[in-house]
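Here is the structure we will look at, set down as C-alpha cells.
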Amino acid sequence: MFRRIHHIAIICSDYARSKRFYVETLGFEVIREVYREERKSFKLDLKVGEAYQIELFSFPSPPERVSAPEACGLRHIAFEVENVQDAARELMAKDIKVEPIRVDELTNKRFTFFQDPDDLPIEIYEE
C-alpha cells in the first residue's frame with residue numbers, strides 16, 4: 001500500500017532563522033515557498049535528494065518542542081551521507097554543534113546527531 005515517504009513536515013518558531021538554516025547552512029534546494037494568509041503561515045518545500053521533501057511551516061506562537069526527556073511521537077529525522085566524519089566536519093565548519101560520532105552496534109555504520117534552531121534532533125547516518 002505505501003510506496004515511500006513523501007515528505008517530512010517541520011514546524012519552526014522563527015521562519016526566517018529556520019529557512020536560513022535549512023537552505024543556506026544545510027544546502028537544501030527550495031522547490032516553492034507560499035504564504036497562506038488564512039493561517040498566517042509560510043510553507044517552504046525543500047528538495048531532499050531526488051525523491052523526498054521537507055515541508056517547513058511557520059505558525060503564530062507554536063508550543064515549544066519537548067526534547068528532554070524524550071516524549072512520545074516522532075523522535076528525529078535522519079539523512080544518509082556518504083561519510084559521517086566528512087559531513088560532521090562540514091557542519092562544524094558552519095558553527096553547528098555535532099555530537100561525537102558513534103557506531104551502530106547492529107549495522108556497524110557510523111552516525112551522529114546535531115540540532116536545528118528549534119532543537120529538532122537531526123541524525124546523519126553513513127551509507
Would you tally the residues in segment 84-123 being among the basic types (Lys, Arg) and over 18 Å from the mean Cα position of the chain (by Cα)? 3
Would you confirm whether any residue within segment 48-62 is within 18 Å of the chain's Cα centre (by Cα), more than 25 Å from residue 126 (Cα to Cα) and loosely packed, with under 12 Cβ neighbours inside 10 Å? no
Out of the residues in segment 15-41 that are part of a helix (DSSP H, G or I) and in contact with a Phe, Trp or Tyr (Cβ under 6 Å, 6 or more places away or on another chain), which is farthest from residue 60 (Cα to Cα)? 22
Can you spot a residue in segment 48-63 that is under 14 Å from residue 117 (Cβ atoms) and in a loop (DSSP other than H, G, I, E, B)? yes
Within segment 67-84, considering residues that are assigned to a loop (DSSP other than H, G, I, E, B) and small (Gly, Ala, Ser), the one farthest from residue 7 (Cα to Cα): 68
How many residues are in contact with an Asp or Glu (Cβ under 7 Å, 6 or more places away or on another chain), surrounded by 12 or more Cβ atoms within 10 Å (Cβ to Cβ) and either of a type in the set (D, E, K, R) or assigned to a helix (DSSP H, G or I) (or both) when one looks only at segment 85-127? 2
Given (1) closer than 20 Å to residue 29 by Cα; (2) not assigned by TED's automatic domain parsing to the domain that holds residue 12, index of the condition residue 55 fails: (2)
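The values are calculated or read from the model by the stated rules, or taken from the named source; none is laboratory data. Quick caveat, the model's predicted, so the values are computed rather than measured. Cβ coordinates were reconstructed from backbone atoms using ideal geometry, including for glycine residues, and neighbour counts include every protein chain displayed.
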